[in-house]
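The values are calculated or read from the model by the stated rules, or taken from the named source; none is laboratory data. Just so you know, these numbers come straight off a predicted model, no measurement behind them. For neighbour counting, all protein chains shown are included, and Cβ atoms are generated from backbone atoms with ideal geometry for every residue, glycine included. Heavy atoms of the whole protein, side chains included, go into the accessibility calculation; ligands, DNA and RNA do not. Shrake-Rupley method; radii C 1.70, N 1.55, O 1.52, S 1.80 Å.
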Amino acid sequence: MEVRYTLQAVLRADDLVGLFASVGWSSANFPEELERAMRRSHRVVSAWAGTELIGLANTISDGCMAAYVPYVAVRPEWQGQGVGREMMRRLLAEYESFPRVALIAYDEAAGFYERCGMTRGNGKQPMFSGTLPG
């Protein structure tokens, strides 16, 4: 099946919950907040197979200097087929003139992000406040 990509920030809570639950992220327990977070994102790239949301990547940004990528999710059955890489390519293209685009990668996903052109921050540590993983 062909994958269709969109720059779309208005996504239904049901679609978001299905995607986030498929990757085991606790954010799926907060459908209204997920929907609002996507609407408030600077950019959202979504991937669709027919009417099913199979992937999503989003940024929050000041619009000129810095962008942060909080979510990149691809349904497990679509992983390894280039969906995540294409979403990252499209998302990073939106910010190629920015001095800084950042994300926090789980150890097992760091290699994926390196293949997408990101680099590890030597001497830098991610810092957190809050309790909501994934």
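Looking at the stretch 11-23, which of the residues that are among the hydrophobic types (A, V, I, L, M, F, W, C) and over 10 Å from residue 46 (Cβ atoms) is least open to solvent (accessible area, probe 1.4 Å)? So the residue we want is 20. Which one is farthest from residue 4 (Cα to Cα), of the residues in the stretch 24-39 that are in contact with a strand residue (DSSP E or B) (Cβ under 9 Å, 6 or more places away or on another chain) and open to solvent by 30 Å² or more (accessible area, probe 1.4 Å)? That would be 25. Selection over the stretch 78-89 of residues that are open to solvent by 30 Å² or more (accessible area, probe 1.4 Å), under 11 Å from residue 55 (Cβ atoms) and not in a loop (DSSP other than H, G, I, E, B) gives a count of 3.
Pairs meeting the criteria (first residue in the stretch 51-64 and of a type in the set (Gly, Ala, Ser), second residue part of a loop (DSSP other than H, G, I, E, B), beta carbons under 6 Å, at least 6 apart or on different chains) are 61/42.
Among the residues of the stretch 1-10, which ones are surrounded by fewer than 15 Cβ atoms within 10 Å (Cβ to Cβ) and among the hydrophobic types (A, V, I, L, M, F, W, C)? Walk me through how you get there before you give the answer.
First, pick out the residues of the stretch 1-10 that are surrounded by fewer than 15 Cβ atoms within 10 Å (Cβ to Cβ): 1-2, 4, 6-8, 10.
Matches in the stretch 1-10: 1, 7, 10.
Among the residues here, residue 35 does not qualify as part of a helix (DSSP H, G or I), at negative phi and touching a residue at least 40 places away in the same chain (Cβ under 8 Å).
Just to be sure, is residue 67 outside any loop (DSSP other than H, G, I, E, B) and either touching a residue at least 40 places away in the same chain (Cβ under 8 Å) or more than 26 Å from residue 2 (Cα to Cα) (or both)?
Answer is yes for this residue.
Restricting the first member to the stretch 7-32 and to residues that are more than 24 Å from residue 95 (Cβ to Cβ), and the second to residues that are of a type in the set (S, T, N, Q), no beta-carbon pair is closer than 7 Å while six or more apart or on different chains. Under the condition of being open to solvent by 40 Å² or more (accessible area, probe 1.4 Å) and touching a Leu at 6+ places or on another chain (Cβ under 8 Å), the residues counted in the stretch 40-73 number 4. Out of everything in the stretch 90-125 that is in a loop (DSSP other than H, G, I, E, B) and hydrophobic (A, V, I, L, M, F, W, C), what residue ends up being surrounded by the fewest Cβ atoms within 10 Å (Cβ to Cβ)? Filtering first and then ranking leaves 104.
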